[in-house]
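Participant: Got a structure for you, written out below as structure tokens; questions coming shortly.
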Number of protein chains: 2
Amino acid sequence: MTAPILAGSFLTCPTPLAGDRVLLGHGSGGKLSAALLKERFLPHLANPALLRLGDAAVVPVEGAQIAISTDTFVVSPLEFPGGNIGTLAIHGTLNDLAMMGARPLYLSAGFVLEEGLPLDVLERVVEAMGRTSKATNVPLVTGDTKVVERGKADGLFINTTGVGLMDPGFQPAPDCARPGDVVLVSSPLGRHGMAIMAVREGLAFETTIESDTASLVPLVDTLRSALGNQLHVLRDPTRGGLASTLNEIAAASGVGIELDEPAIPVPSDVAAACEMLGLDPLYVANEGVLAAMVSESCLEAALTCLRAHPLGRSAVAIGRVVAQHPALVVLRTYLGGTRIVDLLPGDQLPRIC
Amino acid sequence: MTAPILAGSFLTCPTPLAGDRVLLGHGSGGKLSAALLKERFLPHLANPALLRLGDAAVVPVEGAQIAISTDTFVVSPLEFPGGNIGTLAIHGTLNDLAMMGARPLYLSAGFVLEEGLPLDVLERVVEAMGRTSKATNVPLVTGDTKVVERGKADGLFINTTGVGLMDPGFQPAPDCARPGDVVLVSSPLGRHGMAIMAVREGLAFETTIESDTASLVPLVDTLRSALGNQLHVLRDPTRGGLASTLNEIAAASGVGIELDEPAIPVPSDVAAACEMLGLDPLYVANEGVLAAMVSESCLEAALTCLRAHPLGRSAVAIGRVVAQHPALVVLRTYLGGTRIVDLLPGDQLPRIC
């Protein structure tokens, strides 16, 4: 199931020149995205809820705490092995709520349609959204549709926004990692991003790589029951992959993270596709993988409950949180060396969600 | 301030051919939009909250009732006299919440950026969103940014989704119009749509037509205090204009609506621009106008409190709700005749919000 990540051989992504226009790299989830947010958005929009910069905002309504999360999906192609933009739009927002510990309650959907989009493609996407919404038991309660002229969009973009209910006894957050915690992932890495790339580049392998798009809510429910507040951090490593997610957590918590390369699960077909395309699976998007940081004493309990669910049957520990080198993620390689796993300066893989 | 609407001279919009692809008219807010919703969306997504088809969904969270509203803004050009896509994106969603009687609490924003968008345009838009959010006292608590390749979007699209708190004692709804109610509007019609069109078509008039984009929350607050449940219906006639909004209300409430053409306020510059372009101001979008249906006994109270606010100083009664001709909107013209004011079959004015 796992294969070497070929550490170091991929660090060739050039730093885009700074300029006065939006670059593709601004959407990468890496350093350029962070700079755009910090320089162009936060100076005008800052408020306490926004500044927490989690997967969702946590805010009060009457006596309750709710979580609100928004995500726009611009994936190309619209349909791919394992799902389409509709399944992704439902799962993505549900997962963002779940990663904050919230129980998803309601979704909204905003569609931008390009003139000329085949109506049967639209209907397949909407059908998938309905099916996914029913399967996850979170209704889509309101929506909006806009149409733009041919050439002014790319078929179909979908924004989904979700509202969830927080549980006062369970509030994992990116700034709650503690030295001594163990880092887990619930399943092998890289399938969503490489499924998209394989279709886009016309690559054929012996097996078709399918997107892992899935709701992580059941895994979070089981972890909540088993671990409660011994579960410190939950994130789904989507855009920018596991590397970007762990960098954000290390920075937010002021801790270091050490990963064991041989322990990181990468399917052999994903590894082969990454090698052909010169991509690092640590930076490839996932849409059905959960990364968690838990107290070491809870490791077995966490793995046991994850592995009892089909989505988590390959759950595995891949590293640990340390007090050394705060805000740095370090990989102990197959060869016994170490390398820093940094945020990407620019874009490795645009428009995968 | 007012000018004849030249009834009947604009009913030349051709019915687009039905086909298997998305047409611009599907985004018009008229008959094609309604058909798309009914045929392609609702069969897959139907649930009780969605089927109410109001400006927002009203759903329970713990003991409270919240409203959720979503809207994607694709206006072209991004900047126009009186505002930009950012002010529109904040006002539009706040107004949708306010029209359900909800007090807006929080907003999310999802950005789709086209590669090559000048960063200073983006920053002006974000600055306007921050300013508008502060002025209306509704924080933008979470966001998302995606970037697509040059030619795959049109500069910038923004989705905003809002969450508001319902007041059990004040729940106006599109299906609550009753025969005997009076129809009011808070200010003159057509300024937003014609401001956009004037820029797009390079039209110059003696005065610049400015968009009326504004938060209607203060007007709703004053109406709530003065009228409570004697206020039956609230809507902001945006895409599709007053004509489309009143048609939706007439259909939802199973009532007829009669309008008095001489009473309908249309600024003379808007009327002139409409005449030049062959547009009917009844179908032109507004972004700072409120239409209300109130018990006749409350008419004076409603007009008094609206006129006490700068946004409502031209508030006026324009017609009445009748039991005859259910689901039809009828205009009593300057000449003493009547004509039916129907939903547009296709698109009069694309991408005004």
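Participant: May I ask which residue of A:Ile196, A:Pro139, A:Ser28 lies farthest towards the positive end of the charge dipole of the protein assembly as shown, with charges of +1 (Lys, Arg) and -1 (Asp, Glu) on Cβ and the Cα centre as origin?
Facilitator: Ranked along the dipole, the leading option is A:Pro139.
Participant: Something else now. Along the charge dipole of the protein assembly as shown, pointing to its positive end and built from +1/-1 on Cβ of Lys, Arg, Asp and Glu, which listed residue (A:Ala273, A:Gln230, B:Leu277) has its Cα farthest out?
Facilitator: A:Gln230
Participant: Next up: Test of understanding: in a Gaussian network model of chain B with alpha carbons linked when under 10 Å, which of B:Glu127, B:Glu248, B:Glu62 would top the mean-square fluctuation ranking?
Facilitator: Evaluated over chain B, the most mobile residue of the options is B:Glu62.
Participant: Can I ask one more? Enter the accessible area of A:Met166 (Å², nearest 10), with the probe set to 1.4 Å and all protein chains included.
Facilitator: Looks like 20 Å² after rounding.
Participant: Let me ask something else about it. Relative contact order for segment A:56-165 using alpha-carbon pairs under 8 Å, separation at least 6, rounded to a whole percent?
Facilitator: Dividing the mean separation by the residue count of segment A:56-165 yields 42 percent.
Participant: Taking only the alpha-carbon positions of chain B and ignoring solvent, what does the Debye formula give for the base-10 log of I(q)/I(0) at q = 0.08 Å⁻¹?
Facilitator: The calculated log intensity ratios at q = 0.08 Å⁻¹ are -0.36.
Participant: Using the crude model of +1 on Lys and Arg Cβ and -1 on Asp and Glu Cβ, and no other charge, please compute the dipole size for segment B:144-196 relative to its Cα centre, in debye to 20.
Facilitator: It comes to approximately 220 debye.
Participant: If I ignore ligands, DNA and RNA and count only protein heavy atoms, how much of A:Met276 is accessible to a 1.4 Å probe, in Å² to the nearest 10?
Facilitator: 120 Å²
Participant: Excluding same-chain residues fewer than 8 positions from A:Lys152, which lysines have a Cα within less than 29 Å of its Cα?
Facilitator: Cross-link targets: A:Lys31, A:Lys38, B:Lys31, B:Lys38, B:Lys146, B:Lys152.
Participant: Further question: Please figure out what share of the DSSP beta bridges in segment B:56-165 is antiparallel and state it in percent, rounded to the nearest 5.
Facilitator: Counting DSSP beta bridges with both partners in segment B:56-165, the antiparallel share is about 75 percent.
Participant: Per-residue Cβ counts within 10 Å, from other chains only, averaged over A:27-33: what number is that?
Facilitator: Going residue by residue through A:27-33 and averaging, the value is 2.
Participant: Report the dimensions of segment B:195-255 along its three principal axes from the alpha-carbon atoms, largest first, rounded to Å.
Facilitator: That works out to 45, 28, 15 Å along the principal axes.
Participant: Let me ask something else. Roughly how big is segment A:230-338's charge dipole about its Cα centre, with Cβ charges of +1 (Lys, Arg) and -1 (Asp, Glu), in debye to the nearest 20?
Facilitator: Roughly 180 debye, rounded to the nearest 20.
Participant: Over segment B:192-279, average the accessible area per residue using a 1.4 Å probe and give it in Å², no decimals.
Facilitator: 32 Å²
Participant: Report the charge-dipole magnitude of chain A in Debye, nearest 20, computed about the Cα centre from +1 at each Lys and Arg Cβ and -1 at each Asp and Glu Cβ.
Facilitator: Approximately 420 debye in magnitude.
Participant: Report the accessible surface area buried between chains B and A, summing both sides, using a 1.4 Å probe on protein heavy atoms only, in Å² rounded to the nearest 100.
Facilitator: Answer for the B-A pair: about 6800 Å² buried.
Participant: With every protein chain left in place and a probe of 1.4 Å, what is the accessible surface of B:Glu300, to the nearest 10 Å²?
Facilitator: 120 Å²
Participant: Which whole-number percent gives the relative contact order of chain A, counting Cα pairs below 8 Å spaced six or more residues apart?
Facilitator: Relative contact order here is 26 percent.
Participant: Something else: Kindly provide the helix-only [θ] at 222 nm of the protein assembly as shown, computed as the sum of -39,500 (n - 2.57) over DSSP H runs of four or more divided by all residues, to the nearest 500 deg cm²/dmol?
Facilitator: -8500 deg cm²/dmol
Participant: Can you give me the Cα centroid spacing of segment B:282-342 and segment B:167-206 in angstrom?
Facilitator: For segment B:282-342 versus segment B:167-206, the Cα centre distance is 10 Å.
Participant: What does the structure give for B:281-293 when I average, per residue, the other chain Cβ atoms found within 10 Å of the residue Cβ?
Facilitator: 0
Participant: Give the average, rounded to an integer, of partner chain Cβ atoms located within 10 angstrom of each Cβ in B:103-110.
Facilitator: Per residue, the number of nearby Cβ atoms from other chains is 6 on average.
The values are calculated or read from the model by the stated rules, or taken from the named source; none is laboratory data. Quick caveat, the model's predicted, so the values are computed rather than measured. Cβ sites come from the backbone with ideal geometry, for glycine too, and all protein chains shown count toward neighbours. The area values use the complete protein model at the heavy-atom level, side chains included, leaving out ligands, DNA and RNA. Shrake-Rupley method; radii C 1.70, N 1.55, O 1.52, S 1.80 Å.
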